[in-house]
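Quick one: the structure is below, questions incoming.
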Amino acid sequence: MNSTLTSKQSTAAFQLKGGIYTLTTLELHNSCLNSLSQQLKAMSEKAPHFFQQTPVVLALEKLPVTVEAPDLRAISGRLRESGMILVAVRGSEQFRHSAERSGIAWLPSQKTRPEKNVVMMKQSGQPIPVESHEPTPSPQKDEAHSNPLSETSVQETKIIEQPVRSGQQIYAPGDLIVLSQVSPGAELLAGGHIHVYGPLRGRALAGVNGNPEARIFCHRFEAELISISGQYKLTCKTEQSSWSRHWGKSVLIKLAADHLHISRL
């Protein structure tokens, strides 16, 4: 009897582990709730399912110094209406108490490069078809060109034979090859090229380490989002979309002059 109690008491209820997760950063430029709501609505209408259950970090560094602390609870509510979940606030010490009172984690301002994964909330009334990330350049880029056998130029290629289901995220440091379909809500990330030999209905992000020469090849283009080296485009099949004529076709997507271009294969 005593040995049974001891065994139950020694069993840990939980274990803390570190992990690296991709979080979307929403960079706030003013504290106007109406402006925020309008832009969130425009984004949600364009991609109604893309932002569902998306954890968001609210960056406040770009707010004018004279602006008072924004209503974080109200902002959290507006984000939740669009499917996003506010998990943390990033900013100076002046916003720390406001975050604590709202029950939201606070992160200090970054002192180095701007945060990647920033969804820019511009103040124009136009739709927002593209979000842009600032790529992180490889510190050994020049060495890779001079030494073709260097570690940065020789990356592992990952081959996936099974369908990629909704909610799955697959990463490859080099090229990523998928021999089956990619379902809506699935996400492919690769440091190099992405090849999909079935319908691409999820998200494909090539050159995520800052490689502008990366390409996306797919047998059947029906993607929710595509990205190369940080340049993003939300895609959809509408008559207004310039990419609509390529929907359901075999295509090649590349980056040129900071714009994504699509062509038939």
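Quick one: if the Förster radius is 30 Å, what FRET efficiency do ALA12 and GLN53 give, using the C-beta to C-beta distance and rounding to 0.05?
Efficiency computed from Cβ-Cβ geometry: 0.55.
Going through region 56-103, which GluC sites (Glu not before Pro) have at most 13 other Cβ atoms within 10 Å and a DSSP loop state?
Counting only loop positions with at most 13 other Cβ atoms within 10 Å, the GluC sites (Glu not before Pro) in region 56-103 are GLU68.
If you don't mind, another one. With the crude spin-label approximation of a point 7 Å out along Cα→Cβ, what separation in nm comes out for ASP71 versus SER263?
5.2
Still on this structure: Could you give the length gained by full extension between GLU213 and GLN94, i.e. 0.36 nm per residue of separation minus their alpha carbon distance, to one decimal place? Intermediate results must be reported in sequence, preceding the final value.
Numbers: separation 119, 0.36 × 119 = 42.84 nm, distance 4.19 nm.
That pair, GLU213 and GLN94, stretches by 38.7 nm at full extension.
What is the order of VAL87, VAL67, VAL182, VAL57, fewest Cβ neighbours within 10 Å to most? Present the calculation step by step, with values, prior to reporting the outcome.
On the way: VAL87 17, VAL67 13, VAL182 30, VAL57 20.
Ascending Cβ contact count within 10 Å gives the list VAL67, VAL87, VAL57, VAL182.
For a test of the definition: using alpha carbon positions, the gyration tensor, and the 1.5 limit on a/c, classify region 189-240 as rounded, prolate or oblate.
Because a/c hits 1.5 or more and a/b fails to exceed b/c, region 189-240 counts as oblate.
Rank these for me by crowding, ARG215, ARG201, going from fewest to most other beta carbons within 10 Å.
ARG215, ARG201
Using a ≥ b ≥ c from the Cα gyration tensor of region 161-230 (square roots of the eigenvalues), is it rounded, prolate or oblate, where a/c under 1.5 gives rounded and otherwise the larger of a/b and b/c decides, a/b for prolate?
Details: a/c = 1.60, a/b = 1.59, b/c = 1.01.
Verdict is prolate for region 161-230.
I would also like to ask the following. Determine the gain in length on full extension of the stretch LYS41-SER242; use 0.36 nm per residue of separation and subtract their C-alpha separation, reporting nm with one decimal. Can you show the working numbers first?
On the way: separation 201, 0.36 × 201 = 72.36 nm, distance 2.17 nm.
Net length gain for the segment: 70.2 nm.
What's the exposure ranking of ASP258, ASP175, going from fewest to most Cβ atoms within 10 Å?
Fewest-to-most Cβ neighbours within 10 Å comes out as ASP258, ASP175.
Also, quick follow-up: Figure the gain on full extension for ALA256 and ASN30 (residue separation times 0.36 nm, minus the Cα-Cα span) and round it to one decimal in nm. If you can, show how the numbers build up before the last one.
Details: separation 226, 0.36 × 226 = 81.36 nm, distance 3.20 nm.
Length gained between ALA256 and ASN30: 78.2 nm.
Read-outs: derived from the displayed coordinates by stated rules, not from any lab. This one's a predicted model, so the numbers in the text were calculated from it and none came from an experiment. Cβ atoms come from the backbone with ideal geometry, glycine included; neighbour counts cover every protein chain shown.
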